[in-house]
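Structure first, then comments.
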Amino acid sequence: EINMETVIHDDDPRIRQHSADVNIPLSKEDAELLFKMHQYVAESQDEQIAEVKNLQPAVGIAAIQLGIPKKMIAVVVPIDEDHIFEFALANPKIISRSRELAALQTGEGCLSVPETKEGYVFRSNRIKVRGYDLLTDQEVTIKAEGYPAIVLQHEIDHLSGKLYYDHINQKNPYQIPDNAVVLE
Ligand code: FHF
Ligand code: ZN
């Protein structure tokens, strides 16, 4: 089961591990894990379920956050009233990225980082990601811009052991590069 107790933190060296590709078609075990990761993220955004199950609201999760070094991520990003950007991806890979950077005005947080680190986390504003999506059972190429692109990059970073605060400028956490925008 996935819950706040089964998510590992940044004091656990496994969070810095590199994750390995998974075989496609997914094994039953991998498909079940990826399905549960997606379910966890979706449920964490349902106020009532989150309260009963004591879940911190999240927009994404990577398997390594459960201590499992496999290239699998789930993202559920509410866009507006009736649009959700959601994928349950195996072997996601960024195939292109914009030179323009973007960061969230409010910074980022992470299920695996109990103490919030403040500062801008600049990432590419637009990316293309290829991978196998369990929700549609298809190889997909995803074009993402702005917030959904930032969430995807946060998750894909976990697959190579990177954490959001690795990207924060230590000298000036709120410095904005020339080619960057701050979102929101
Ligand atoms: C979150 N929560 O989802 C954060 C953490 C930018 O690897 O962003 O560590 F639930 C995955 C709407 C707006 C609804 C914000 C990527 C952040 C990824 C999870 N919450 C939210 C929401 C949120 C991490 N993570 C603070 C839990
Ligand atoms: Zn995270």
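Less than 5 angstrom separates the built amide H of Leu104 from those of Val121, Leu183, all sequence-distant by 5 or more or on a different chain. Normalised by residue number, the volume inside the convex hull of the Cα atoms of the range 1-102 is 146 Å³ per residue.
What FRET efficiency would be calculated for the residue pair Ala180, Arg16, taking the C-beta separation as r and a Förster radius of 25 Å, to the nearest 0.05? FRET efficiency, Ala180 to Arg16: 0.40. Over the chain, DSSP H runs of length four or greater, each weighted -39,500 (n - 2.57), average out per residue to a 222 nm ellipticity of -6000 deg cm²/dmol. Rolling a 1.4 Å probe over the heavy atoms of the protein chains gives the chain an accessible area of 55 Å² per residue.
Could you check the simple spin-label distance between Glu51 and Ile79, using points 7 Å along Cα→Cβ, in nm with one decimal? A separation of 3.0 nm, rounded to one decimal place.
Computed over the range 29-184, the percent of Cα pairs more than 26 Å apart is 24.
Note on the chain: with neighbouring protein chains present and a 1.4 Å probe, carbon and sulfur make up 48 percent of its accessible heavy-atom surface. In order along the range 102-108, the phi-based Karplus estimate (6.51 cos²θ - 1.76 cosθ + 1.60, θ = phi - 60°) of 3J(HN,Hα) comes to 8, 9, 7, 3, 8, x, 10 Hz; Gly and Pro are listed as x. Each Cα pair under 8 Å and six or more residues apart adds its separation to the average, and for the range 1-130 the resulting relative contact order is 24 percent.
The values are calculated or read from the model by the stated rules, or taken from the named source; none is laboratory data. Since we're looking at a predicted model, the values are computed, not measured. With ideal geometry, Cβ positions are generated from the backbone for all residues, glycine too; neighbour counts draw on all protein chains shown. Only protein heavy atoms, including side chains, enter the accessible area calculation; ligands, DNA and RNA are left aside. Shrake-Rupley method; radii C 1.70, N 1.55, O 1.52, S 1.80 Å.
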